[in-house]
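*Asks:* Mind looking over this structure? Questions follow.
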Amino acid sequence: MENDTGLTKFNKIFPWYSGLSGDLLFWVAIDTLFLAVVKNFNSSQIVSLTSVSLITCILLQIPLLKIINRIGNTNSVRLGSLLLLVSSLLLTFGQNYITIALGKVVYEIAFTFQNMINAILKNNLELQNRNDEYIKQKTKSNTIYATATMIISFIASPMFNLNNYLPMLGCIFFCFICFILSFYMIDFSNYNNVIKENKSKVKIHYSKLIILLLISYGLFYPIVNSGQSNGKLFIQQELLLNFSVEKTALIIGGILCLSRIVRVISNISFNRIHNKYKEKIGVILPILLSISIILMIIGSFIANSLILKFSIMSLGYIIILFIRDPFKVYIQDLALRNVGREGQQTLLTTMELSRKVVRAIMSLSFTMILVNNPMITVIAILSILSIIEILIGVKLYKLVMEKM
């Protein structure tokens, strides 16, 4: 009876907790501006923060996994929420590079722990005989996140202009709310703490499907992240060749707002899309990723019509935002469906590790490439990687169908 009441509360609160803790709200909207204006960091210092935090978190993955296995899913999510709150405080009130870098490291570590919310959701749904609702529930939470970040994209800059610290106070507030909500995120299954339940070290059987899944996830998200950041910069550079700084800022702002709206639509509609195409989604999304990058390249070569040029480039950028959340939901669901519940913690952590390793390599490589080459070189490399992702997706689809 107690479990039934707890599961009912979990079902109601999960979408809000997961959606509002999907990132440091407000921080993601003004991070570079806050660091440059308030902390007086130069471009090199700002860029290096990502590399330092990623590399540190990669080196800590094995000890972090041991902690997760030891304390279980429920306590991992609570610890992750607490660390996000600590991170927001360090980033807001830190007065030097070391403190801010520590805040970024804590930020990356927090999501390693908080990622166990996906295992909790899967386990609790199974207890209620609702195994097939994972994508539906995750889509709800992603819709809340996408809507929140869309609203924040409109109000963060005015808040910053009113008071430089006001958006970060909003960030701290949401982190505190999520920390409170995390106490309702309880894994009621027998697999909350796999070490305690099994009294032995948990091992995963790395089948061909699991290995391909790790490769697919590890490659897709760094391409998306790089395509989003470098794609925006690529469009910005092309705009500056044809328009004033003021007009460029307005156009970029319009593209970003439209992309946020499309991201909300994507999350609202994904459950219906998945119900229609099922496992084919694993191929369709990489194809759309490749199309998005190729559109930006094609658009950059159009010279006789600026409207057509930037419409095509913008469409490519917007598609990236459309596919970003659905792929993560699909691949996590696929992973949890194809691993024993004892191996959920290890697999989810390994997936994040693969993403961070590739992202770090890609970030450092592109930084060196851009020293002596134009941005289109990076975009071209991303297009090649996206084609490789399609081939991986096709192979993964075949393996999934063989198991069905």
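The values are calculated or read from the model by the stated rules, or taken from the named source; none is laboratory data. These figures come from a predicted structure and were not determined experimentally. All Cβ positions, glycine included, derive from the backbone under ideal geometry; neighbour counts span all protein chains shown. For accessibility, only protein heavy atoms count, side chains too; no ligands or nucleic acids. Shrake-Rupley method; radii C 1.70, N 1.55, O 1.52, S 1.80 Å.
*Asks:* Go through the stretch 272-293 residue by residue and tally those that are hydroxyl-bearing (S, T, Y) and either open to solvent by 40 Å² or more (accessible area, probe 1.4 Å) or touching a Ser or Thr at 6+ places or on another chain (Cβ under 6 Å) (or both).
*Replies:* Residues in the stretch 272-293 being hydroxyl-bearing (S, T, Y) and either open to solvent by 40 Å² or more (accessible area, probe 1.4 Å) or touching a Ser or Thr at 6+ places or on another chain (Cβ under 6 Å) (or both): 2 in total.
*Asks:* Based on this model, can you work out whether I211 counts as within 27 Å of L35 (Cβ to Cβ) and at pLDDT 90 or above?
*Replies:* no
*Asks:* Let me ask something else about it. Would you check which residues across the stretch 78-125 are open to solvent by 50 Å² or more (accessible area, probe 1.4 Å) and assigned to a helix (DSSP H, G or I) and list them?
*Replies:* Those that are open to solvent by 50 Å² or more (accessible area, probe 1.4 Å) and assigned to a helix (DSSP H, G or I): R78, L79, L82, V86, L89, F93, Y97, I98, L102.
*Asks:* Examine the stretch 325-332 for a residue that is surrounded by fewer than 16 Cβ atoms within 10 Å (Cβ to Cβ), at pLDDT below 90 and at negative phi, and state whether such a residue exists.
*Replies:* No, the stretch 325-332 contains no residue that is surrounded by fewer than 16 Cβ atoms within 10 Å (Cβ to Cβ), at pLDDT below 90 and at negative phi.
*Asks:* Assess whether M375 counts as being crowded, with 19+ Cβ neighbours inside 10 Å, at pLDDT below 85 and within 19 Å of I320 (Cα to Cα).
*Replies:* For M375, the condition - crowded, with 19+ Cβ neighbours inside 10 Å, at pLDDT below 85 and within 19 Å of I320 (Cα to Cα) - is met.
*Asks:* So, one more: Name the single residue that is surrounded by the most Cβ atoms within 10 Å (Cβ to Cβ) among those in the stretch 294-309 being touching a residue at least 12 places away in the same chain (Cβ under 8 Å) and in contact with a helix residue (DSSP H, G or I) (Cβ under 7 Å, 6 or more places away or on another chain).
*Replies:* Going through the qualifying residues, I end up with M296.
*Asks:* A further question on this structure: I'm trying to understand the selection: among the residues of the stretch 378-389, which are surrounded by fewer than 18 Cβ atoms within 10 Å (Cβ to Cβ) and in contact (Cβ under 8 Å) with a residue 60 or more places away in the chain?
*Replies:* Within the stretch 378-389, A380, I387, I388 qualify.
*Asks:* When the residues of the stretch 129-163 are filtered to those that are open to solvent by 50 Å² or more (accessible area, probe 1.4 Å) and touching a residue at least 12 places away in the same chain (Cβ under 8 Å), which remaining residue is farthest from G19 (Cα to Cα)?
*Replies:* Step by step, filter the stretch 129-163, then rank; the result is S157.
*Asks:* Any residue that is among the hydrophobic types (A, V, I, L, M, F, W, C), open to solvent by 20 Å² or more (accessible area, probe 1.4 Å) and under 18 Å from the mean Cα position of the chain (by Cα) - is there at least one of those in the stretch 14-26?
*Replies:* Within the stretch 14-26, one or more residues are among the hydrophobic types (A, V, I, L, M, F, W, C), open to solvent by 20 Å² or more (accessible area, probe 1.4 Å) and under 18 Å from the mean Cα position of the chain (by Cα).
*Asks:* Moving on to the next point. Of all residues in the stretch 30-65, which are of a type in the set (A, V, I, L, M, F, W, C), within 18 Å of the chain's Cα centre (by Cα) and open to solvent by 30 Å² or more (accessible area, probe 1.4 Å)?
*Replies:* I55, I58
*Asks:* Give the residues of the stretch 9-48 that are of a type in the set (S, T, N, Q), assigned to a helix (DSSP H, G or I) and modelled with pLDDT under 90, sorted by residue number.
*Replies:* Once the filter is applied, which keeps residues that are of a type in the set (S, T, N, Q), assigned to a helix (DSSP H, G or I) and modelled with pLDDT under 90, the stretch 9-48 yields T32, S43, S44, Q45, S48.
*Asks:* Which of the following residues is on the phi < 0 side of the Ramachandran plot, open to solvent by less than 40 Å² (accessible area, probe 1.4 Å) and outside any helix (DSSP H, G or I): V339, V400?
*Replies:* Going through V339, V400 in turn, just one is on the phi < 0 side of the Ramachandran plot, open to solvent by less than 40 Å² (accessible area, probe 1.4 Å) and outside any helix (DSSP H, G or I): V339.
*Asks:* Give me the pairs: first residue in the stretch 263-288 and more than 12 Å from I323 (Cβ to Cβ), second residue part of a helix (DSSP H, G or I) and basic (K, R), beta-carbon distance under 6 Å, and six or more apart or on different chains, which are they?
*Replies:* Every condition considered, the pairs that remain are N271/K136.
*Asks:* For the stretch 152-177, give me each residue that is of a type in the set (A, V, I, L, M), at pLDDT 90 or above and under 14 Å from V37 (Cα atoms).
*Replies:* Within the stretch 152-177, L166, M168 qualify.
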